[in-house]
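The values are calculated or read from the model by the stated rules, or taken from the named source; none is laboratory data. Quantities reported herein were computed from a predicted structural model and do not represent experimental measurements. Note that each Cβ is placed from the backbone with ideal geometry, even for glycine, and that neighbours are counted across all protein chains shown.
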Amino acid sequence: MRYLLLFVVCLCAHAQVAPPEHRRGPDQTFLTYPEWFLVHSPAEYAEYVRDHTPTQFPFIGHTCQFWQGYGAVTRATRDYPFNFGYHVMVMVIGTSTSVEYVIRATYETMIGRLSELAAPRRLSEEDRYAAQVAQDYVDFIRDQPWYEYDFMKQLAGLWRETSFLGPDVVRKLERKYALTTEYLIKGGYAWLIKKATKASYDEPLPVTAVVIDRLPPGFEKDFPKTQIVRAGDPALVLVPRYDQFMYYAAGLATKGASFREIAGNGEKATILVSALVPAAWQAEGILLEQPVLTRPQTKRVVIGVSVASLATLLNRLVGDGARLEHVYDY
């Protein structure tokens with residue numbers, strides 16, 4: 001009888017469709033959130049400095065939000081086996097970013113504001129250059145590790161593309177000093193992290209295995225990076241991971257597909273979605289909400305939803321005019 005019950009339980013349990021190399025643990029959707037906050041934060045910074053100097057940017061507020069988010073996902077994963085390696089990694093990047101943000105906040109408050117007095121009505125050449133680099137950096141890290149970014153190229157561009165003297169010379173020289181220091185330190189640190197990472201970790205797969213109830217007609221034409229592993233009902237496809245996964249998942253949802261499995265996690269598994277919404281917006285399953293500090297009428301919501309309900313949530317967010325930020329695909 002005991003063996004019969006075990007057989008029945010095995011039949012009822014979710015049978016993973018994704019090949020073994022494409023399976024990722026269910027806790028990963030939570031643990032990747034702090035990592036991705038370190039994309040969301042630079043994205044907010046890049047948007048802010050298009051029209052402002054960084055002296056008023058809330059670096060300390062972002063530091064607090066990072067650790068608040070880490071605390072929320074740590075509590076949410078208490079029932080999972082403790083992922084020591086991932087927690088160590090998050091602690092390392094969180095601590096290093098916190099140190100950076102505290103230093104930058106202190107410098108901008110004390111020195112940046114003084115140099116700003118020399119150019120009170122406009123951005124300097126260096127401010128505009130730094131804004132372009134900030135956006136380029138964000139565009140890069142949405143799909144690539146931050147330590148692969150070429151800070152040295154941007155340092156060379158700073159001195160090549162901006163004049164040494166000119167209007168607002170005090171601000172120009174101060175920004176050159178600040179940006180040169182920043183790019184040098186980040187370039188050196190990135191080189192060290194890259195060496196350590198290559199020595200310690202295998203190259204992650206750049207795709208996510210997704211099982212859907214059906215493949216919408218013509219989907220692969222609209223989303224050409226789709227790899228069809230198995231057509232039919234259900235269908236198994238490989239779609240790009242990281243930032244692009246959000247667009248592919250939203251595309252599948254818009255075209256009427258339902259998710260059965262993502263990275264080996266079945267319909268009952270939880271997957272996180274974050275979006276930028278009006279401050280009054282509400283929904284079930286909100287794990288975390290934080291104000292967007294540079295836009296007080298907007299907040300970030302991080303929602304936990306079952307894989308089976310992911311398409312419904314994505315369609316609701318799109319219909320409500322929310323700005324999808326990320327789908328945390330394990």
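Within region 229-240, does at least one residue satisfy the condition of being within 22 Å of Q28 (Cβ to Cβ) and among the charged types (D, E, K, R)?
no
Which condition number in (1) surrounded by fewer than 19 Cβ atoms within 10 Å (Cβ to Cβ); (2) over 21 Å from the mean Cα position of the chain (by Cα) is the one that E47 fails?
Checking E47 against (1) surrounded by fewer than 19 Cβ atoms within 10 Å (Cβ to Cβ); (2) over 21 Å from the mean Cα position of the chain (by Cα), the one that fails is (2).
Could you identify the single residue in D213, D127 that is of a type outside the set (S, T, Y) and in the same structural domain as A43 (by TED's automatic domain parsing)?
Result of the check over D213, D127: D127.
Within region 15-34, track down each residue that is among the acidic types (D, E) and over 18 Å from Q227 (Cβ atoms).
D27
For the structure I just gave you, tell me whether A76 is touching a residue at least 60 places away in the same chain (Cβ under 8 Å), in the same structural domain as S124 (by TED's automatic domain parsing) and touching a strand residue (DSSP E or B) at 6+ places or on another chain (Cβ under 8 Å).
yes
For region 208-234, what are the residues that are among the aliphatic types (A, V, I, L, M) and buried (at least 20 other Cβ atoms within 10 Å of the Cβ)?
A209, V210, V211, I212, L215
I'm checking my understanding of the structure. Among residues of region 179-201 that are under 29 Å from R113 (Cβ atoms) and out of contact with any helix residue (DSSP H, G or I) (no Cβ under 7 Å at 6 or more places or on another chain), which one is surrounded by the most Cβ atoms within 10 Å (Cβ to Cβ)? I'd like the intermediate steps shown before the answer.
Keep residues of region 179-201 that are under 29 Å from R113 (Cβ atoms), which gives 179-190.
When the remaining residues are screened for being out of contact with any helix residue (DSSP H, G or I) (no Cβ under 7 Å at 6 or more places or on another chain), the result is 181-182, 185, 188-189.
Numbers: T181: 13, E182: 20, I185: 13, G188: 12, Y189: 15.
Selected residue: E182.
For region 71-78, state whether one or more residues are in a loop (DSSP other than H, G, I, E, B) and hydroxyl-bearing (S, T, Y).
So far as region 71-78 goes, yes, one or more of its residues are in a loop (DSSP other than H, G, I, E, B) and hydroxyl-bearing (S, T, Y).
How many residues does region 25-70 contain that are assigned to a loop (DSSP other than H, G, I, E, B) and more than 24 Å from T208 (Cα to Cα)?
Total meeting the criteria: 7.
One residue is enough: does region 109-120 have a residue meeting the conditions of a type outside the set (G, A, S), crowded, with 19+ Cβ neighbours inside 10 Å and in contact (Cβ under 8 Å) with a residue 24 or more places away in the chain?
Yes: one or more hits.
Looking only at region 287-312, which residues are outside any strand (DSSP E or B), of a type outside the set (S, T, Y) and farther than 17 Å from F245 by Cβ?
Across region 287-312, the qualifying residues are V292, L293, R295, P296, Q297, A308.
As an exercise: evaluate Y86 against (1) touching a Gly at 6+ places or on another chain (Cβ under 8 Å); (2) buried (at least 18 other Cβ atoms within 10 Å of the Cβ); (3) farther than 19 Å from A43 by Cα and give the number of the one condition it does not meet.
All conditions are met except number (1).
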